[in-house]
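Following: one structure in structure tokens, then a few remarks.
The values are calculated or read from the model by the stated rules, or taken from the named source; none is laboratory data. None of the values given here were measured: they were computed from a predicted structure. Note that we place each Cβ from the backbone using ideal geometry, even for glycine, and neighbour counts take in every protein chain shown. Accessible surface areas use protein heavy atoms only, side chains included; no ligands, DNA or RNA. Shrake-Rupley method; radii C 1.70, N 1.55, O 1.52, S 1.80 Å.
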Amino acid sequence: MKRLALTRSPWLKAALKSRWPQFIAAALLLAGFLFVIVSGLLGTPVGSRNFGIIAVWILWWALLILAAVPLAGRGWCAVCPIPLAGDWLQRGALLGPSGRPPRGLNRRLPKALRNIWLQNGVFTLMALFSAVILTNPRVTALALAGMLAAAIGLSAVYERRAFCRAVCPVGGFIGLYAQAAPLELRVADTAVCAACASKACYNGSESGYGCPWGVFPAGLARNSTCGLCLECLRACPKDNIALNLRPFGGDLEKPAARLDEAFKAFLMLGAALAYAAILLGPWGGLKAAALAVGSPAWLAYAAAFLFICFGLLPGLFWLAVRLGQVFAAPRRRTARRSDFALAASALVPLGLMFWAAFSLSFVFANAVYVLNVFSDPLGWGWDLFGAAGLAWQPLLTSWGLPLQIGALVVGAFWAARVARRAAAQGGFHALPVTGYAFGLTLAMMGLLL
Amino acid sequence: MTLALASVALAVILIPAPAAAAPLERFFRVGAGQYAFTPASLRANPGDTITIELHSTDVTHGLYVDGYDVSAEAQPGQPAALTFIASRAGVFRLRCSVTCGTLHPFMLGRLVVGPNWTLARAAALAGLAVLAAPLTLRKAAE
């Protein structure tokens, strides 16, 4: 697979090594993040007129799922404001290493948490309350404040970025879908790393912190665990770290078999289908059930959501993989348990495209609210830029449908390709898994079109 | 094989839908309550003249038709109507155009003009894409 090392450009490398651009971006985003919390708590309770709701669930979400993740993978994590305060408390410095030992208890993250099961759990919890979180400014504010507090608290107990690695519900799916992105951070020559005694990329050096994500770059084969913070680029004394452009889906050329990631894929697919039905569907009863937290209708909705994500989708997928194992040529038939997780890598591009198609349905239709809330962020009757009174008018409605269809068709194509590669690597036939992906695509099309 | 699939895909996109029946005048009485339209799905044929009478059952609601850029606003007890000619075939979302509560941006319905060829074409394209995927891998391997 061809790669283009962006870090071969001296000026780009200098810009990436400098801490200032990244710090300025993260600091500005932190200011915005804190303002989202303030506006959620003090501003109007009407979601479409509150900066917090619109900035997070329309503007940020659109940029994240339609641009940042597909093009830059964990690019958002590189500038995310949530770990900033914890980093500062832990390191005792805002920019480069101070030379002082890390503050706090600095414990190692327990082995049981070095996966994304907890992230799956936190995401599930938030997904169950999503109709309220997405529309109620106060709840959005409290959820974001809770994430900030958790990041700070965990940084005081555990070394590195424990919140990002084990808890962040957003980071979990960004990591999963980052495997499809055309950007990667890798070592240029693994032999250089093998001969390196200091392992400064992991342990830190005078010029850079040890990997905040707990990753040893020489062993990095996939994007999912690398937060693109670029500390290894700064720390490496051998100049052996490269930021590469590569074809889309680079990590899926040789899929990995991780059960926690497989279940993240089911969770994301199930959530995309459920939200398409609840939020974009015409069924008022479903919307009311999702909104009435604690009511019998909500409990039924929650049970159905959990069943779809953790019962129906994985169950049907298990059947598809099992069929694939039965249909496999006798010499390749191994019926390995890891085939299930391996085959689930086909759901990575499928899910990413489901979310893109889902998001296209409401992002452009509600874009005018972004102008409204920048002009009157708290809904207090301000008109800072003369756009507070702009009447609602959906944008690009005639483009929405073709773009959604395009995304879903690309998703089905991509999933079929990855299924073939996974099948070649494992011991099963790709056809049933491809059929599963195609069936889900038809279901999503039925909901969206 | 790739060329054949590409040709079929092009045909799926470009072949016009069969001619529709003679145009009619259609009247729909649509109820609007948090957060749904009733009925939620309206069907018509291309060329039909559509009149939608919007009745709000709780707070003020609007109805905007994607692709036709027409809208109406109804208050409880004060219905509003809009009339337009369904000149474009396809599936179009109906959206509430007046902030009506927490789930307002997701108060949606749909207008289907003609058979839902959009869904059929999309499904056919997805099927062709799935068939084409192994071919592209084989080509890459060569």
- Message: Can you pull out every residue in the range A:114-130 that is open to solvent by 50 Å² or more (accessible area, probe 1.4 Å) and over 9 Å from A:PRO169 (Cα atoms)?
- Response: A:ARG114, A:TRP117, A:LEU125, A:PHE129
- Note on the structure: Selection over the range A:210-230 where residues are open to solvent by less than 30 Å² (accessible area, probe 1.4 Å), touching a residue at least 40 places away in the same chain (Cβ under 8 Å) and of a type outside the set (A, V, I, L, M) yields a count of 10
- In the range B:104-142, residues that are within 26 Å of B:THR51 (Cα to Cα) and either more than 13 Å from the chain's Cα centre (by Cα) or at the interface with chain A (Cβ under 9 Å from one of its Cβ atoms) (or both) total 10
- Message: Restricting to the range A:198-238, count the residues that are part of a loop (DSSP other than H, G, I, E, B), among the aliphatic types (A, V, I, L, M) and touching a Cys at 6+ places or on another chain (Cβ under 9 Å).
- Response: 3
- Query: If you take the residues in the range B:44-58 that are modelled with pLDDT of 95 or more and open to solvent by 20 Å² or more (accessible area, probe 1.4 Å), which one is nearest to A:LYS287 (Cα to Cα)?
  - Reply: B:HIS55
- Message: Against the condition more than 20 Å from A:ALA272 (Cβ to Cβ) and exposed (fewer than 15 other Cβ atoms within 10 Å of the Cβ), how does A:GLY379 come out, does it pass?
- Response: no
- Message: Here is a list: A:ARG246, A:ARG234. Which entry is in the same structural domain as A:ILE116 (by TED's automatic domain parsing) and crowded, with 20+ Cβ neighbours inside 10 Å?
- Response: A:ARG234
- Task: Go through (1) open to solvent by 20 Å² or more (accessible area, probe 1.4 Å); (2) within 13 Å of chain A (Cβ to nearest Cβ) and name the single condition B:GLY33 misses.
- Result: (1)
- Item | Residue under evaluation A:ALA297, criteria (1) over 20 Å from the mean Cα position of the chain (by Cα); (2) touching a residue at least 24 places away in the same chain (Cβ under 8 Å); (3) more than 30 Å from A:PRO110 (Cα to Cα), criterion not met | (2)
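Residues are listed down the side, and each one gets a yes or a no for (1) over 30 Å from A:ALA221 (Cβ atoms); (2) modelled with pLDDT under 95; (3) more than 25 Å from the chain's Cα centre (by Cα):
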residue: A:MET1; (1), (2), (3): no, yes, no
residue: A:GLY43; (1), (2), (3): yes, no, yes
residue: A:VAL46; (1), (2), (3): yes, yes, yes
residue: A:ARG49; (1), (2), (3): yes, yes, yes
- Item | Selected residue [in contact with a His (Cβ under 7 Å, 6 or more places away or on another chain) and either aliphatic (A, V, I, L, M) or facing chain B (nearest Cβ under 10 Å) (or both)] from A:ALA415, A:ALA423 | A:ALA423
